[in-house]
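Read-outs throughout are calculated quantities, based only on the coordinates presented, and are distinct from any laboratory measurement. All values reported here derive from a predicted model rather than from experimental measurement. Every residue, glycine as well, gets a Cβ built from its backbone with ideal geometry; the counts of neighbours run over all protein chains shown.
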Amino acid sequence: MYRFVAPALLALALAAPAAAETRALSGFRAIQAEDRLAVTVTAGEAYAVEVTGEDADRIRTRIEGRTLHIEDARRPWFGRSPRLDAQVRVSAPAIESVAASRGAELSANLAGASCDDFSAVAAMGGETIVTSARCNTVSSTAAMGGLVRIAGACRAHDISAAMGASVRADELACETVDASAAMGGEIRAFASRSYDASAAMGGDVRVAGGGSAGDTSTTMGGSIHSDR
């Protein structure tokens, strides 16, 4: 009988979900994720950083200034990192900036967060998804195949997309927008009052919301469209 007990216990251990590994980090207002891992950010009364998954030991978390950096500690010298079995959950009282690069996937729910000036960035195949933003000013930047999706509301929104990257912000209802798309960059925005826009080298800007056009320019195959 005992010869069956050990294998059964081993199977149960392997099937059990990995326990959350808590990292003692605090004082940050920005989160920057790199490499092929998943990060979830929420607003909370206290700071919290938890890592789960079979590759949790590969995840390096460190504070530099007011920024929490999350990355693959074993990033290869050449080529990109493999997709890691690791999920990072982050909570902070105030969130001013989120960024994803090198294939990282970051989602941030800003409901309840203190938010005056906020920025969202995605680069080098990174993906940044932001929901429930209620901010004074927002800056969204995407480059080199990055994707930013952002929803909520703001007073003023500054947007930049370049080198095949996209910013999908037509669900971020803002009063004014200043958008710049270049080198195949794509922007979707919402402006209820007015917008300025430039598009160059195949860049494309589309603005919803009925705002009036201010300074606009197109060169070298760029295009600007409005629902007004």
Given (1) 79, 39, 34; (2) 54, 42, 31; (3) 49, 48, 36 as possible values of Cα extents along the principal axes in Å, the one from the coordinates is (1)
Phi to ³J(HN,Hα) by Karplus 6.51 cos²θ - 1.76 cosθ + 1.60 over the stretch 178-188, Hz, x for Gly, Pro:
10, 10, 9, 10, 8, 6, x, x, 10, 10, 10
Taking r as the C-beta separation of residue 54 and residue 89 and R0 as 22 Å, the FRET efficiency to the nearest 0.05 is 0.85
In nm, to one decimal, how far is the residue 225 label point from the residue 144 one, both placed 7 Å along Cα→Cβ?
3.0
From the backbone phi of the stretch 150-160, what are the Karplus-calculated ³J(HN,Hα) couplings (6.51 cos²θ - 1.76 cosθ + 1.60, θ = phi - 60°) in whole Hz, Gly and Pro given as x?
9, 9, x, 8, 7, 7, 9, 10, 9, 10, 9
Would you please put 104-117, 144-157 in order of how densely packed they are, using the mean number of other Cβ atoms within 10 angstrom per residue and starting with the highest?
144-157, 104-117
Give, in nm to one decimal, the length gained when the segment between residue 64 and residue 193 is fully stretched (0.36 nm per residue of separation minus the Cα-Cα distance).
42.6 nm
Measure nothing fancy, just the Cα-based angle from helix 2-15's long axis to the longest principal axis of the chain, in degrees from 0 to 90, nearest 10.
10
